[in-house]
Amino acid sequence: AVEDADTANGTATIQCAAPGCTAASVTATEQDNDVPAFSLKINCGGPALAGGWLADTGFVGGGVWATTSAVANATGAPMALYQRERSSSLLRYNLTTVSNGTYQVKLHFNDMSNPGGVGLRRFHVFLEGVQVETNLDVFARAGGRMRALVRTYNVTVSDGNGLQIELTRVASYPQLNGIEVLAVAGARRSVAM
């Protein structure tokens, strides 16, 4: 069982019975020996957070903005992730620790603009030079100001230079609160040398 396609310790329940004996259930748990899948979590503009979120790293330029206000829809990540952002007219992240391979990339957003409004902050999003969002309006997509939004994309890194993320201005400055990079199960990854 340990030579399977995942890195999890799977379990199975086995019913044991014999004539003249009381039936019983036994739970078997494998001790998986596979290398854990690659995972990278970055708190854009902020410090390390519980749950494996690293302090901001890999950014090229930009300023940091913060709030203490509560953020709606902050599920799957700590609320503190959505209370700090990195923002710039051209916002870039160069994540050199991401080796060649196929990944699911989750970008976390919260429009902290005051006053915010539909269409006031829009930007394009590029992953590995491919445009994955056109005129992204976090305020409109999330349903208002101080509301978390997570967008998920699949991307292949193949140039040996890590994962490149770029947000370009359309109206006001692009902003980003968090980045998650998760290796796609079963996809081949090579180690950058």
Relative contact order %, the chain, counting alpha carbon pairs below 8 Å whose residues are six or more apart: 26 percent
At R0 = 30 Å, FRET efficiency that the Cβ-Cβ distance of Ala48 and Asn94 yields, to 0.05: 0.95
Peptides 19-25, 61-67, 137-143 ordered by average Cβ neighbours within 10 Å, highest first: 137-143, 61-67, 19-25
Theoretical ellipticity at 222 nm over the chain - DSSP helices of four or more residues, -39500 (n - 2.57) apiece, nearest 500: -500 deg cm²/dmol
Answer label for P(r) over Cα pairs in 10 Å bins from 0, in percent (calculated), chosen among (i) 9, 31, 35, 19, 6, 0; (ii) 9, 31, 29, 15, 9, 5, 3, 1; (iii) 9, 33, 32, 18, 7, 0: (ii)
Top of Tyr103, Tyr173, Tyr82 by mean-square fluctuation, Gaussian network on the chain, Cα under 10 Å: Tyr173
Residues Arg169 and Ala70, FRET efficiency given R0 of 25 Å [Cβ-Cβ distance, rounded to 0.05]: 0.35
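Laboratory data are not the source of any read-out in this text; all were calculated from the coordinates shown. The structure presented is a predicted model; accordingly, all values stated were derived computationally and were not measured. Quick reminder, even Gly has a Cβ in these numbers, built from the backbone with ideal geometry, and neighbours come from all protein chains shown.
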